[in-house]
Amino acid sequence: MVASSAKGRGVRSRSVTLLLAVALLLGGCASQRTQEAPPRSPAQVRAEIMRLMPATARDREGWATDIQAAFAARDLAPTPANLCAVLAVAEQESGFQVDPVVPGLAKIARQEIDRRAASKHVPGFVVDAALWLKSPDGRRYSERLAAARTEQQLSAIFQDFIGMVPLGKRLFGGLNPVHTGGPMQVSIAFAEAHARDYPYPLRGSIRDEVFSRRGGMYFGIAHLLDYPADYSQLLYRFADFNAGRYASRNAAFQNAMSVASGIPLALDGDLVSPDAGFGDPAGATELAVRSLATRLDMGAPAIHRALEQGERQDFADTKLYARVFALAERTDGKSLPRAMLPGITLKSPKITRKLTTAWFAKRVDERWQRCMRRAG
């Protein structure tokens with residue numbers, strides 16, 4: 001009986017100890033919750049943005065106001081990492097200039113017009129005659145073109161040229177060749193596709209808003225941060241900002257396909273040809289996947305449907321994605337990365353030297369790291 005009582009006391013003692021430990025643990029958890037910093041006010045977020053901006057930036061309060069408003073409107077967390085990501089991209093793309101000057105822009109624009117004219121078999125003297133016409137602001141198109149220094153000015157010229165001169169529609173088909181703009185160089189097509197919840201009254205078109213600080217930052221921040229991506233580093237978001245959403249994930253998928261099939265692929269993040277229409281031939285990635293159709297136990301239609309999800313988060317949940325990585329990792333005998341910097345050479349009339357998406361992402365990442373050091 002004595003032994004039994006001692007044993008009972010021991011069990012009760014351990015039970016009490018366990019209960020106390022659980023209580024302390026729960027108390028600790030509750031304490032952590034209550035000690036979490038409350039949401040910061042807009043003024044506090046703006047103050048942090050101004051503190052994190054590089055010393056060379058001007059009108060810091062104006063930039064901070066537009067950035068904080070964009071974060072609030074998109075319901076994004078203004079963490080130091082997120083704020084620094086936005087500041088790093090804006091610094092890389094424009095040096096915090098709302099409508100940055102592009103060296104040699106007038107020459108670039110005239111070359112683009114001449115290139116389009118040649119492709120449409122339009123003689124040079126016809127182009128010269130069209131540019132000699134007076135534009136809506138009273139100046140000749142050729143005069144405005146020679147004076148253009150920024151993409152906003154150039155975009156306005158093309159908008160008038162397309163709308164007022166018959167040759168403009170023939171050369172540009174109603175599509176302004178200025179595709180990006182503003183302090184984050186965001187795609188105008190992206191902005192037009194995501195304009196429904198734009199929080200400001202329009203002062204013209206969405207294209208016009210992209211060239212403003214408030215619009216350029218709003219749409220740039222949405223493009224950079226407002227989509228789910230399971231990346232281990234912001235570096236891959238920076239690459240996606242340049243190459244398209246999920247390009248880094250898709251480049252890793254293409255790498256796995258190359259390992260599994262032995263077929264070299266360009267790791268560009270394009271799983272289907274960007275301009276492919278119904279009935280067009282399959283692209284290189286799709287053909288490589290089809291070569292493994294039997295081993296993947298998937299037919300060509302199912303493969304195509306899965307690859308078409310490449311611009312969405314749920315592509316990573318498809319059978320194709322899982323089976324390709326499983327096959328590639330069995331082939332290689334090791335785990336393969338789920339994100340890689342796309343191997344894309346940047347092409348634009350504005351670019352005069354060889355640049356790549358990887359170069360862009362790494363440059364932005366260096367700026368992000370400097371900003372994070374300022375954040376402490």
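The values are calculated or read from the model by the stated rules, or taken from the named source; none is laboratory data. All of these numbers come straight from a predicted model, not from anything done at the bench. Cβ placement follows ideal geometry from the backbone for every residue including glycine, while neighbour counts extend to all protein chains displayed.
Residues that are among the hydrophobic types (A, V, I, L, M, F, W, C) and at pLDDT 95 or above within region 237-256 comprise Phe238, Ala239, Phe241, Ala247, Ala251, Ala252, Phe253, Ala256, listed in sequence order.
Within region 260-279, not a single residue is under 21 Å from Glu151 (Cβ atoms) and touching a residue at least 24 places away in the same chain (Cβ under 8 Å).
Across region 304-324, which residue is nearest to the chain's Cα centre (by Cα) among those that are of a type outside the set (Gly, Ala, Ser) and buried (at least 21 other Cβ atoms within 10 Å of the Cβ)? Out of the qualifying residues, it is Leu307. Filtering region 53-101 to residues that are small (Gly, Ala, Ser), in contact (Cβ under 8 Å) with a residue 12 or more places away in the chain and within 23 Å of Glu366 (Cα to Cα) leaves Ala57, Ala64, Ala81, Ala85, Ala88, Ala90, Ser94, Gly95.
Filtered by the rule that a residue be hydroxyl-bearing (Ser, Thr, Tyr), closer than 21 Å to Gly182 by Cα and part of a helix (DSSP H, G or I), region 209-251 gives a lone residue, Tyr218. Among the residues of region 202-228, just one is crowded, with 21+ Cβ neighbours inside 10 Å and among the acidic types (Asp, Glu), namely Glu209. Going residue by residue through region 244-263, is there one that turns out to be crowded, with 24+ Cβ neighbours inside 10 Å and at positive phi? Yes, region 244-263 contains a residue that is crowded, with 24+ Cβ neighbours inside 10 Å and at positive phi. Against the conditions (1) exposed (fewer than 15 other Cβ atoms within 10 Å of the Cβ); (2) in contact (Cβ under 8 Å) with a residue 24 or more places away in the chain; (3) in the same structural domain as Ala118 (by TED's automatic domain parsing), Pro199 satisfies every one except (3).
Is at least one residue of region 199-211 out of contact with any Lys or Arg (no Cβ under 8 Å at 6 or more places or on another chain), modelled with pLDDT under 95 and of a type in the set (Lys, Arg)? Yes: region 199-211 contains one or more residues that are out of contact with any Lys or Arg (no Cβ under 8 Å at 6 or more places or on another chain), modelled with pLDDT under 95 and of a type in the set (Lys, Arg).
Within region 198-215, the set of residues being closer than 20 Å to Arg58 by Cα and among the polar types (S, T, N, Q) comprises just one member, Ser212. Residues of region 252-265 being among the β-branched types (Val, Ile, Thr) and not in a helix (DSSP H, G or I), which ones? Listed by number, the list holds a single entry, Ile263.
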